[in-house]
Every structure is written in structure tokens, then in C-alpha cells.
Amino acid sequence: ANYEYLEILKKTNNFILSKGGNKNLFKLRSYILKNRFDKNSLLLGIFNKNIHIGNIRIHDIKKKIGILGVMIDENYTGKNIFGRALKMIEKKLKLKLKINKIYLGVDKKNLHAIKAFKKNGFTKENLFFKKIKKNQIIFSKKIY
């Protein structure tokens with residue numbers, strides 16, 4: 001984590017569901033370390049030509065499901081970065097973590113993300129999780 005990546009987080013923070021925690025480099029690095037050693041969480045960076053442009057995080061891993069969080073620099077939206085990153089980790093999710101279904105929440109106003117999720121096989125759910133606010137939609141995807 002560096003200052004450039006921190007700036008990307010600040011720009012995209014209006015749609016990040018767990019807002020607030022990473023306002024400085026120390027807190028960002030602490031968050032990364034915390035997730036690195038958490039057995040119920042997998043945090044991966046998304047890179048384009050050695051530039052850190054986003055993250056995928058699977059957390060609350062239990063009973064063959066996980067909650068997915070994703071953040072991609074707005075300069076890279078519409079380029080299927082999310083789809084390619086997800087495809088790269090699906091096998092690990094299924095075989096190593098024994099996850100066969102993932103859920104995510106997305107702000108109703110985040111049309112780029114909703115389009116990307118639908119394009120990559122996510123379907124809208126009629127569920128409600130404690131951590132999801134009322135202005136968000138729940139999506140899920142089975143991992144085969």
C-alpha cells in the first residue's frame with residue numbers, strides 16, 4: 001500500500017460499503033495486515049502493469065459461502081477488470097476455501113458495478129444481511 005493507492009481509495013470511497021477505516025497510510029497498511037492473517041478472509045490486490053488499481057476481498061468465510069467486496073479505480077471501469085480478476089480466483093475459492101457461493105452488496109447508484117456483476121454471472125437476491133444498508137442490492141453467484 002502506498003500513497004497513490006490511498007488516493008484511489010479516497011476517490012472511490014463514495015461507493016465503498018465499509019467506509020471510513022483507511023483514511024491514512026498507517027490505517028490502510030494495518031487493514032491489509034489484519035486481513036492477511038485472518039483465516040476467514042482473503043484480500044487480494046488487483047494490478048495493471050504493476051500499478052495497484054483495486055482489491056477483491058472475500059470475508060466471513062463459513063459454511064461454503066463468502067461475502068465478496070471489490071474496489072477498482074474508476075479509471076479502469078468498463079474494462080472487465082473485475083471479471084478477469086474473479087475468474088482468476090474462482091478455482092481457489094472452490095478448491096482451497098471450499099466456497100461454492102459468494103454474496104455481495106452494492107449501492108443502488110453504482111451502475112457500473114451492477115452492470116459488471118450481472119455480466120459476470122451474479123444474480124439479484126432477496127436477502128438482507130445485517131451489514132447491508134437499505135440503499136443496497138444483494139447479489140450472489142454460485143462457484144462451479
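Please identify every one of the chymotrypsin sites (Phe, Trp or Tyr not before Pro) in the stretch 26-134 that sits in a loop by DSSP and has no more than 14 other beta carbons within 10 Å of its own beta carbon.
Those satisfying the criteria are PHE37, PHE128, PHE129.
Need one number for the stretch 34-132: average projected area of the convex hull over its C-alpha atoms, nm².
Result: 6.9 nm².
Could you tell me the distance between the Cα centroids of the stretch 38-58 and the stretch 87-117, to the nearest Å?
13 Å
In nm, give the distance between the simple-model label positions of LYS109 and GLU125, each being 7 Å from the Cα along the Cα-to-Cβ direction.
With each label placed 7 Å out from Cα toward Cβ, I get 2.5 nm.
What FRET efficiency comes out for ASN48 versus ASN24 if R0 is 30 angstrom and r is the Cβ-Cβ distance? Round to the nearest 0.05. Each step should come with its number before you reach the end.
Details: r = 24 Å, r/R0 = 0.82.
The pair ASN48/ASN24 has a calculated efficiency of 0.75.
Can you pull the one-decimal nm distance between simple spin-label points at LEU33 and GLU7, each 7 Å off the Cα toward Cβ?
The two pseudo-label positions are separated by 2.6 nm.
What is the packing order of peptides 91-99, 53-61, taking the mean over residues of other C-beta atoms within 10 Å and listing the highest first?
53-61, 91-99
No value in this document is a laboratory result; all are computed from the given coordinates. These figures come from a predicted structure and were not determined experimentally. Methodologically, a virtual Cβ is constructed for each residue, glycine included, from the backbone with ideal geometry; neighbour enumeration extends over all protein chains shown.
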